[in-house]
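Undergrad: My structure is below; once you've seen it, I'll send some questions.
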Amino acid sequence: MRLRFRVLGSGSSGNATLVEAGGTRILIDAGLGPRALAERLLSSGVDPASLAAVFLSHEHGDHARGAAAFSAKWGVRLCGTRGTYAAAGLGAADIAGYDVLEPGSCRGVGELTVTGVSIPHDAAAPLAFIVCHEETRLGHATDLGHLRRNVVDAFRECHALLLESNYDPGLLRDGPYPWSLKERILGPHGHLSNQDVARYLGTGLGVTCRNVVLAHLSQTNNHPELALMHGERALLRGGRREVQLELTGAEGTDWIEVQGPRSARGAPGQLRLW
Ligand SMILES: [Zn+2]
Ligand SMILES: [Zn+2]
């Protein structure tokens, strides 16, 4: 079975992405409550106990809120940096187990290999991930203040990306958040704006990439139409009509098949929007 993924939830109400290939399934983040997480897995046809691991990007509640209870209930090990383990307050007795993945290292889980990539965000030791099955790669990055060179380099050979497009700078500046919070979001360790993502899609996106999912949109400081508009325009400007652009909200997505080196050859260009 080819590499595919399905967003189960995205944004401040809780983030989780299911990734599957060759009978191996993992979650990236567990920011939904354990019951909601189990329900969404079951409605995707996946037994929660069948997961090989839950990879945690960082300790913030919208990414790790349900991790400990989910791990304990379903006997699924967690995986992430030592910094995330400490900052999330995870106790060895409370979870099924914790495997360390530091930036630049990788861990094999069944048919998948997961590489940790360090990202700039105001958390202890946050990670983006590259999930690899045979020659096919998915990049996954939410909660990063800017697209640092190491992240762009790590994503260069990915075939699909999930990338946050958190805010529109005008809406954020004019919006209701206190200025201290606005500064944090706008800062180099905050979040990516629609414009940050557009710049990357127009000039930095690797030539192998065929699917981009915009994620982690702020409900207060962004509109789905704005995020899509900036992304679409950037792809067109960059001559990347073959890239399918999608957007996920709190309810997640359907399954998305990653078009790897063999399947990408000769695949028709198509822009799928909603
Ligand atoms: Zn977040
Ligand atoms: Zn965060």
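The values are calculated or read from the model by the stated rules, or taken from the named source; none is laboratory data. Computed from a prediction, not measured in an experiment: that's the story for all the values here. Quick reminder, even Gly has a Cβ in these numbers, built from the backbone with ideal geometry, and neighbours come from all protein chains shown. Accessible surface areas use protein heavy atoms only, side chains included; no ligands, DNA or RNA. Shrake-Rupley method; radii C 1.70, N 1.55, O 1.52, S 1.80 Å.
Undergrad: Using only Cα atoms, what is the ratio of the radius of gyration of the range 101-152 to 2.2 N^0.38 Å?
TA: Working it through for the range 101-152, the quotient is 1.14.
Undergrad: A follow-up question, please. Toward the positive end of the charge dipole of the range 1-159, about the Cα centre and with charges on Cβ (Lys, Arg +1; Asp, Glu -1), which of Ala21, His133, His58 goes farthest?
TA: Projecting each Cα onto the dipole axis, the largest value belongs to Ala21.
Undergrad: How much FRET efficiency would the formula 1/(1 + (r/R0)^6) give for Ser12 and Leu186, where r is the Cβ-Cβ distance and R0 is 22 Å, rounded to 0.05?
TA: Between Ser12 and Leu186 the formula returns 0.85.
Undergrad: Suppose each label sits 7 Å from its Cα in the direction of the beta carbon; what would the Leu42-Asp254 distance come out to in nanometres?
TA: Here the answer is 2.4 nm between the modelled labels.
Undergrad: Another question, then. Using +1 on the beta carbon of Lys and Arg, -1 on that of Asp and Glu, and nothing else charged, what's the dipole of the chain about the Cα centre, debye to 20?
TA: For this selection, approximately 480 debye.
Undergrad: Give me the number: length gained by fully extending Thr113 to Ala49, i.e. 0.36 nm times residue separation minus the C-alpha to C-alpha distance, one decimal in nm.
TA: Computed gain between Thr113 and Ala49 is 21.1 nm.
Undergrad: Further question: Projected onto the charge dipole of the range 91-250 (+1 at Lys/Arg Cβ, -1 at Asp/Glu Cβ, origin at the Cα centre), which of Leu217, Ala96, Tyr200 gives the Cα projection farthest towards the positive end?
TA: Farthest towards the positive pole: Tyr200.
Undergrad: Oh, and also: Using the Kirkwood radius over C-alpha pairs as Rh, can you work out the diffusion coefficient of the range 123-253 via Stokes-Einstein at 37 °C, viscosity 0.692 mPa s, in µm² per second?
TA: 220
Undergrad: Want the number for Glu134 to Leu236: 0.36 nm per residue separation, take away the alpha-carbon distance, what's left?
TA: Additional length available on full extension: 33.7 nm.
Undergrad: On to the next question. If packing is taken as the average count of other Cβ atoms within 10 Å, what order do 237-248, 126-137 fall into, highest mean first?
TA: In decreasing order of mean packing, 237-248, 126-137 become 126-137, 237-248.
Undergrad: Next question. State the percentage of accessible surface on the chain attributable to carbon and sulfur atoms; use a 1.4 Å probe and exclude ligands, DNA and RNA.
TA: Result for the chain: 50 percent of the exposed heavy-atom area is carbon or sulfur.
Undergrad: Provide the packing ranking of 103-114, 195-206, i.e. peptides ordered by the mean count of other C-beta atoms within 10 Å per residue, highest first.
TA: The peptides rank, most packed first, as 195-206, 103-114.
Undergrad: In debye, nearest 20: dipole of the range 177-244 around its Cα centre with unit charges on the Cβ of K, R (+) and D, E (-)?
TA: For this selection, approximately 160 debye.
Undergrad: Let's test the formula: R0 of 25 Å, r as the Cβ-Cβ distance of Lys73 and Asp99. What FRET efficiency results, to the nearest 0.05?
TA: Efficiency, rounded to the nearest 0.05: 0.85.
Undergrad: Please list the equivalent ellipsoid semi-axes of the range 67-148, computed as the square roots of five times the alpha-carbon gyration tensor eigenvalues, in descending order and whole angstrom.
TA: Value: 22, 18, 10 Å, ordered largest first.
Undergrad: If you wrap a convex hull around the Cα atoms of the chain, how much volume per residue is inside, in Å³?
TA: 111
Undergrad: If you don't mind, there's one more thing I want to ask. For the range 17-93, report the translational diffusion coefficient in µm²/s to the nearest whole number, using Stokes-Einstein at 4 °C, 1.567 mPa s, and a Kirkwood Rh over Cα pairs.
TA: 106
Undergrad: A follow-up question, please. Assuming R0 = 22 Å, can you tell me the calculated FRET efficiency for the pair Glu157 and Cys106, based on Cβ-Cβ distance, to the nearest 0.05?
TA: Once the sixth-power term is evaluated, E becomes 0.95.
Undergrad: So, one more: Below 11 angstrom from the Cβ of Leu3, what's the summed charge of the other residues (Lys, Arg +1; Asp, Glu -1)?
TA: Residues close to Leu3 contribute a combined charge of -2.
Undergrad: Quick one, can you get me the convex hull of the C-alpha atoms of the range 25-172 expressed as volume per residue in Å³?
TA: 120
Undergrad: Using bins 5 angstrom wide from zero, how does P(r) for the range 176-254 break down, in % of all Cα pairs?
TA: 3, 14, 25, 21, 18, 12, 5, 2, 0
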